Structure formats: structure tokens, C-alpha cells
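Everything on this sheet refers to the single structure shown next.
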Amino acid sequence: MPSIYITINHFNKDLGILPYQYIGSDQNDNTMYLGSSKNLKSDINRIGYDHFTKETIEWFKEIDNKKLRCIEAEYLKKFNVKHDETYYNLTDIYAPAGGKKGMKHKKKKIVSQKWIDSRTGRLQSPETKEKMSKAKKGKKLEDIHGVENSRKIRQKHREGMSGSKNHNALVWNITYPDGTIVVTKSLRSYCRENGLSFGKLYNSNGGFITVKYGNGKGGRVKNV
């Protein structure tokens, strides 16, 4: 659901470091998306997601992206982000990555049609294209190692991708405010099935303490 949100850097805010907040728009309601500001992203990478929260200012049921950006600009002016050093936003006019509208860019490189054709394969003859296609086709494992060795290789691969040996496996350890501990493999599914806020659990808010083990889809290891 599209929204206008504000991201708070609690690490900076608690220590009196500027800036510590950012106003932005989110067309896809992505709880992991905290903003496009380069300085904000740099701070997230430096101190970690745990120190940031994302709070919705206004929800929209149906709205196109252009209209959403216009409303975002209205909020930027309303909160005077251009002259308020507490904000990561650099302007009160919407511009990608919180930058300043009207920034100069390098001139577009002019290339010839011949160069374009050479990069897209249009200059190759049908015979050459056929040879290139055959060269890209890989050989079967059995053709390289034999049937028996191939069976052993596949078995070893399966064992290596199971349990704790699988680097893409994620395990979430959730501690409730009352001390109850729950372990689950899919935090988003667990939150959906139990009517809980994914963002609250992911960021260890509301009395929850959440620790993620593994390096699969969803980012680096998250420590409390």
C-alpha cells in the first residue's frame, strides 16, 4: 500500500548527531526500504538496521507514483526539510535519492550504429551465431566425471545444502516481551499467520528481541 513515511536514526538522535531523520514515499509498502538518500544508506550500512525505524505518516489506498511524489514534496515543504539540519533530505522539492533538483550530469556518449550492432551480435553471420550457440551449451556432469562419480558429486552437494551447512538457510529466534522464545524459518510468514507486525519484529521493537542466523535472502546476519 503506497505511503509517505519518516525514517528515524535513533543512534544519531540519542547522541545528538545530525541528521537523524528522513521523509520519503514508498509505492510498494516495503518494510525494509528506509529511504534513497546516499547519506542515510551510508549510516544504515555503518551502524546497522537495528538503530532505524520507519513510521508511516499517511497511507493511500490507490495512487499513481507521480501523484505520490507530489504529496511527498508537500510534506518536505511542510516540515521545512531544506533548512532543518535534522533531516537527511537536501531539498523540499522531490528529487531521487533526496538530492537537489537540477544537478548537472555528463553528456550522453554518442556512438555509431556500427558500434551498437557489434555489441548486439547483428554483424555475425548465421553460421557464426550457430557456432556461438553450440559453444554456450554446457556438458552433462556424466560426460565429464562418469555416471558413478556424478552420483557421488550430486549426493555430496545435497548434503552440503542441508541443515546448518546451507549458507542460504535462515533461522529467526524471536523472544516475546513475556520471555517466550519462538524459532521459525520464515519471519514474514510467521508474522502474517500470527497477526504480528513484520517491521516491529525485524527491528526488535515493542518489547520483541529478534535475532537472525544465516546469510540467505533478506540480508546479512542481524545481531541484537
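The values are calculated or read from the model by the stated rules, or taken from the named source; none is laboratory data. Everything numeric here is computed off the predicted structure, so don't read it as measured data. Counting neighbours? That spans all protein chains shown, and the Cβs are built from the backbone with ideal geometry, glycine included.
Under the condition of being in contact with a helix residue (DSSP H, G or I) (Cβ under 8 Å, 6 or more places away or on another chain) and either modelled with pLDDT of 70 or more or in a strand (DSSP E or B) (or both), which residue from the stretch 143-169 is nearest to Ile209 (Cα to Cα)?
Arg154
Does the stretch 81-88 contain any residue that is closer than 21 Å to Met1 by Cα, modelled with pLDDT of 90 or more and in contact with an Asp or Glu (Cβ under 9 Å, 6 or more places away or on another chain)?
Scanning the stretch 81-88, I find no residue that is closer than 21 Å to Met1 by Cα, modelled with pLDDT of 90 or more and in contact with an Asp or Glu (Cβ under 9 Å, 6 or more places away or on another chain), so the answer is no.
Quick check on the stretch 8-36: of everything there that is surrounded by fewer than 20 Cβ atoms within 10 Å (Cβ to Cβ) and either among the β-branched types (Val, Ile, Thr) or outside the structural domain of Thr53 (by TED's automatic domain parsing) (or both), which residue is farthest from Lys78 (Cα to Cα)?
Thr31
Name every residue in the stretch 24-63 that is at pLDDT 90 or above, under 16 Å from Asn205 (Cα atoms) and hydrophobic (A, V, I, L, M, F, W, C), in order of residue number.
Scanning the stretch 24-63 gives Leu34, Phe52.
Could you grab the pairs with beta carbons closer than 6 Å, sequence gap of 6+ or different chains, first residue in the stretch 202-215 and in the same structural domain as Pro177 (by TED's automatic domain parsing), second one among the basic types (Lys, Arg) and modelled with pLDDT of 80 or more?
Pairs found: Gly206/Lys200.
Considering only the stretch 24-68, state which residues are of a type in the set (Gly, Ala, Ser) and more than 24 Å from Lys82 (Cβ to Cβ).
Residue satisfying the conditions is Gly48 alone.
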